[in-house]
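Notes for the one structure printed next.
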Amino acid sequence: MESAFLNLCLMRRSVRKFREQPVEKEKLELCLEAARLAPSADNGQPWRFLVFDDPAKKQALAEAVFKGVFAVSKHFARAPVLVALLLKESFVINRLGGGAAGTPFQFIDAGIAGEHFVLAAAEQGLGTCWIGWFDTRALLKHLGLGSKYRAVALIAVGYPAEELKPRTPKRKPIEEIAFWNSAPK
């Protein structure tokens, strides 16, 4: 099955080592535009992307969130860009709607927008890594944000230190993850 999109998915991977090369603002803006176009529950668009490409501000952020038990993630401070993916809480959509359905819509929405961002980055030759292991409370405190926001992830962005080539990732076969007209056995 040949597809430009599937080829892009095969190129996208978690990059943990980056070149010391700044990322062009235009490339980051394209990633943000891709994220902006992502769908969301009731078109709530709860995501907020905070881009840190200024070395001093990025370093201050990294020092705030990669300490203590989260210090194992501090190598991400070397990425040329760190992007904080936040949720702006909406009581009606996120709490009432998501609570009634038993599904945290806002996190699904943020995940969709974040994946749009990283796929747009991959298309432009940039490497990314979703970072979940960081101090979310310290992030919000560092940014001076209150309880109206929640930290979802950080995304490291930059030019990969090594050339990325299409890969065949270890994945379960389609027959184990997709079922037609019936439930899994």
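The values are calculated or read from the model by the stated rules, or taken from the named source; none is laboratory data. Remember, predicted model here, so these are calculated numbers, not experimental data. Methodologically, a virtual Cβ is constructed for each residue, glycine included, from the backbone with ideal geometry; neighbour enumeration extends over all protein chains shown.
Quick notes
- Residues being touching a helix residue (DSSP H, G or I) at 6+ places or on another chain (Cβ under 6 Å) and among the charged types (D, E, K, R) - total across segment 124-146: 1
- Of the residues making up segment 124-158, those that are in a loop (DSSP other than H, G, I, E, B), more than 14 Å from the chain's Cα centre (by Cα) and surrounded by fewer than 17 Cβ atoms within 10 Å (Cβ to Cβ) are Gln124, Gly125, Gly144, Gly146, Ser147, Lys148.
- Residues of segment 98-135 satisfying the condition of being of a type in the set (Val, Ile, Thr), within 13 Å of Ala153 (Cβ to Cβ) and either free of Cβ contacts under 8 Å to residues at least 40 places away in the same chain or in contact with a Phe, Trp or Tyr (Cβ under 8 Å, 6 or more places away or on another chain) (or both): Val118, Thr128, Ile131
- All of (1) under 21 Å from His75 (Cα atoms); (2) out of contact with any Ser or Thr (no Cβ under 7 Å at 6 or more places or on another chain); (3) in a helix (DSSP H, G or I); (4) of a type outside the set (Val, Ile, Thr) hold for Ala121 with one exception: (2).
- You will find that of Ala41, Ala62, Ala35, Ala4, the residue that is more than 16 Å from Ala156 (Cβ to Cβ) and surrounded by 14 or more Cβ atoms within 10 Å (Cβ to Cβ) is Ala41 and no other.
- Gly98 in contact with a strand residue (DSSP E or B) (Cβ under 6 Å, 6 or more places away or on another chain) and either surrounded by fewer than 20 Cβ atoms within 10 Å (Cβ to Cβ) or at pLDDT 95 or above (or both): no
- Neighbours by Cβ (under 8 Å, 6+ apart or cross-chain): first from segment 149-178, farther than 30 Å from Gln106 by Cβ; second aromatic (Phe, Trp, Tyr): Tyr159/Phe18; Pro160/Phe18; Ala161/Phe18
- Unmet requirement for Gly111, which otherwise passes all of (1) closer than 16 Å to Ser14 by Cβ; (2) loosely packed, with under 14 Cβ neighbours inside 10 Å; (3) of a type outside the set (Lys, Arg): (2)
- Taking the listed residues Ala121, Ala56, Ala60, Ala64, the one that is within 18 Å of the chain's Cα centre (by Cα) and among the aliphatic types (A, V, I, L, M) is Ala121, with no other qualifying.
- Residues that are surrounded by 15 or more Cβ atoms within 10 Å (Cβ to Cβ), in contact with a Gly (Cβ under 9 Å, 6 or more places away or on another chain) and part of a helix (DSSP H, G or I) do occur in segment 78-89, at least one of them.
- Restricting attention to segment 65-76, the residues being surrounded by fewer than 17 Cβ atoms within 10 Å (Cβ to Cβ), in a helix (DSSP H, G or I) and of a type outside the set (Phe, Trp, Tyr) number 6.
Per-residue answers, yes or no, for (1) among the basic types (Lys, Arg); (2) under 23 Å from Ala122 (Cβ atoms):
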site	(1), (2)
Gln21	no, yes
Glu24	no, yes
Lys27	yes, yes
Ala34	no, yes
Asp53	no, yes
Lys58	yes, yes
Ala64	no, no
Lys67	yes, no
